[in-house]
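Heads up, the thing below is written out as structure tokens.
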Amino acid sequence: MATLIRSKISNKLSNAATAVSNKSQAKVSGMFARMGFQAATDDEALGFAACDDLDYDHRQGMQMDILTSDEMGGEGSGDGGVLEGDSHYQRDGTGPPHSASKDGGPTNELTEVKPKITAWEAGWNVTNAIQGMFVLGLPYAILHGGYLGLFLIIFAAVVCCYTGKILISCLYEEDEDGQLVRVRDSYVDIANACCAPRFPSLGGHIVNVAQIIELVMTCILYVVVSGNLMYNSFPNMPISQKSWAIIATAALLPCAFLKNLKAVSKFSLLCTLAHFVINILVIAYCLSRARDWAWDKVKFYIDVKKFPISIGIIVFSYTSQIFLPSLEGNMQKPSEFHCMMNWTHIAACILKGLFALVAYLTWADETKEVITDNLPPTIRAVVNIFLVAKALLSYPLPFFAAVEVLEKTFFQDGGRAYFPDCYGGDGRLKSWGLTLRCSLVVFTLLMAIYVPHFALLMGLTGSLTGAGLCFLLPSLFHLKLLWRKLLWHQVFFDVAIFVIGGICSISGFIHSMEGLIEAFKYNIED
């Protein structure tokens with residue numbers, strides 16, 4: 001009997017402690033929500049979140065549910081029921097089960113747990129982002145930077161790896177037990193938290209603008225490089241580079257009708273493998289001419305006017321920060337994120353450095369903006385056709401991401417939307433939604449026609465948004481959100497990255513603009 005009494009008393013005390021703990025957690029989460037730390041729907045989740053999950057539907061919003069207290073033991077219960085003010089994301093399957101909808105109907109499809117990805121799959125996605133076809137511009141950076149350009153390829157890899165890690169650390173806060181809890185879900189949420197409470201949405205607007213600029217500029221670069229490659233592959237044909245850009249854009253018009261990226265994602269692995277094979281072919285050709293390498297042409301001094309453009313090119317080739325929050329949130333083991341970032345950026349640094357150096361040694365001062373244009377005509381035509389196919393198949397991803405950001409900002413932001421929703425009740429795209437998409441395709445074409453300068457555009461984008469998203473904002477957010485927890489060397493690194501990144505960004509932007517003005521002034525086509 002005494003044992004039974006002690007057991008009942010123990011169960012009562014345990015249930016009471018659990019109820020108090022749950023209420024305390026609810027109050028803390030409610031406080032975070034009122035401070036602006038509760039995450040909102042964001043369009044960054046599109047990019048590289050999972051190999052087979054590129055059609056994530058942002059228009060549906062994030063999965064959220066009200067935390068309920070669990071009954072313990074079976075012989076007693078605490079203060080059960082719904083706890084006010086505490087809601088959390090059903091990201092990792094640890095939340096309450098969704099057995100039915102509020103009206104007793106079947107479970108909504110949004111409550112299904114999304115498949116997680118391994119560290120290897122996450123690393124593959126990061127590799128796709130930082131090892132894309134824009135490495136073709138790196139030998140041009142060595143042309144104007146020499147050995148310092150090689151050093152910057154290594155330096156940019158180290159810094160981008162570091163800023164990617166500190167950006168993810170800004171997604172977490174410590175709870176009352178000292179455990180790290182993911183309270184933010186995207187780059188925009190981090191920016192909003194830094195500007196709260198006075199300007200709770202200012203940071204998100206800044207990040208969204210930078211994200212749109214980078215995505216649209218990426219689309220423009222794909223059109224520019226397509227026209228450039230086709231023109232240099234068939235120089236004897238009476239078709240100009242601008243005409244080739246128009247032909248390429250005509251093939252891209254179906255992107256305006258995309259509702260998801262399932263069809264495109266099927267080609268992503270094939271495109272990446274094709275690009276890897278192309279890089280091998282270029283390196284193999286360069287190695288075949290190793291006895292003619294011009295080591296004396298690699299300079300220890302820099303071209304003061306052109307080198308800042310090279311900085312932008314190098315930085316742009318490493319940009320992946322806008323995709324990292326959604327990528328880390330979809331990993332099976334988020335604890336492996338740091339290790340994944342290390343080996344992906346080490347591999348990228350080695351491959352980019354070798355590719356840029358070997359290609360420059362082969363052609364030296366004759367190195368062109370797109371290195372494949374230096375190949376012999378027969379090899380060039382084959383390689384460039386594959387590259388054009390890859391560029392056209394890569395275009396839908398940044399295009400779709402840019403459309404999602406624009407639609408959410410101007411058409412789908414609830415009562416704050418500037419225009420009606422682009423989609424009808426049946427999910428069909430309305431006329432103005434289709435007009436928006438077609439206008440974006442046409443805009444990328446016009447920019448590619450009037451600014452057909454691959455290296456200058458790449459340098460401008462890297463200096464403007466690449467440095468901001470990869471260097472400036474992560475270090476600034478890290479200092480703002482985690483100031484009291486940072487060690488002195490972390491503060492030093494953040495401040496140094498912010499200062500150096502700011503100088504490189506301003507310098508690169510100015511010199512890229514000067515280069516574009518000069519190209520227009522003297523009517524330079526390429």
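The values are calculated or read from the model by the stated rules, or taken from the named source; none is laboratory data. These figures come from a predicted structure and were not determined experimentally. Glycine gets a Cβ as well: all are built from the backbone with ideal geometry, and neighbour counts include every protein chain shown. Please note that ligands, DNA and RNA were not included when accessible areas were found on the heavy atoms of the full protein model with its side chains. Shrake-Rupley method; radii C 1.70, N 1.55, O 1.52, S 1.80 Å.
Miscellaneous remarks
- When Lys305, Lys352 are compared by accessible surface with a 1.4 Å probe, the order from highest to lowest is Lys305, Lys352.
- Solvent exposure of Arg182, expressed as accessible area, is near 50 Å², computed with a probe of 1.4 Å over the protein chains only.
- In plain terms, the chain from Phe410 to Glu176 could stretch by 80.4 nm, reckoned as 0.36 nm per residue minus the Cα-Cα distance.
- Tyr147 - accessible surface, heavy atoms, 1.4 Å probe, Å² rounded to 10: 70
- For segment 509-520, 3J(HN,Hα) per residue [Karplus equation, 6.51 cos²θ - 1.76 cosθ + 1.60, θ = phi - 60°, Hz, x = Gly/Pro]: 5, 4, 6, 5, 5, 4, x, 5, 5, 5, 5, 5
- J(HN,Hα) series, segment 232-244, from Karplus relation 6.51 cos²θ - 1.76 cosθ + 1.60, nearest Hz, glycine and proline x: 7, 7, 10, x, 7, 7, x, 10, 7, 4, 5, 5, 4
- Taking 0.36 nm per residue of sequence separation and removing the Cα-Cα distance, the Ile247/Phe300 pair yields an extension gain of 14.9 nm.
- Other residues with beta-carbon under 9 Å from the beta-carbon of Ala193 carry, at +1 per Lys or Arg and -1 per Asp or Glu, a net charge of +1.
- Over all other residues within a Cβ to Cβ distance under 12 Å of Met458, the charged ones net out to -2, with Lys and Arg as +1 and Asp and Glu as -1.
- Selection from Ile500, Gln490, Gly468 lying farthest towards where the dipole of segment 429-526 points positive, charges on Cβ: Gln490
- Across segment 209-218, rounded Karplus estimates of 3J(HN,Hα) from the backbone phi angles (6.51 cos²θ - 1.76 cosθ + 1.60, θ = phi - 60°) give 4, 4, 5, 4, 4, 5, 5, 5, 5, 4 Hz, Gly and Pro being marked x.
- Long-range amide H partners of Ile117 with built H, under 5 Å: Met331, Gln332
- Residue pairs, from the table Lys116/Lys333; Lys408/Lys430; Lys306/Lys390, whose Cα atoms sit over 19 Å apart: Lys306/Lys390
- A crude spin-label estimate for the pair Ser288 and Lys485, with each label 7 Å from Cα along the Cβ direction, gives 5.6 nm.
- Per residue, segment 140-224 exposes an accessible area of 36 Å² to a 1.4 Å probe, with every protein chain left in place.
- Of the residues Met133, Met237, ranked by 1.4 Å probe accessible area with the largest first, the sequence reads Met237, Met133.
- Sequence of Leu138, Leu287 when ordered by accessible area, the most exposed leading, probe 1.4 angstrom: Leu287, Leu138
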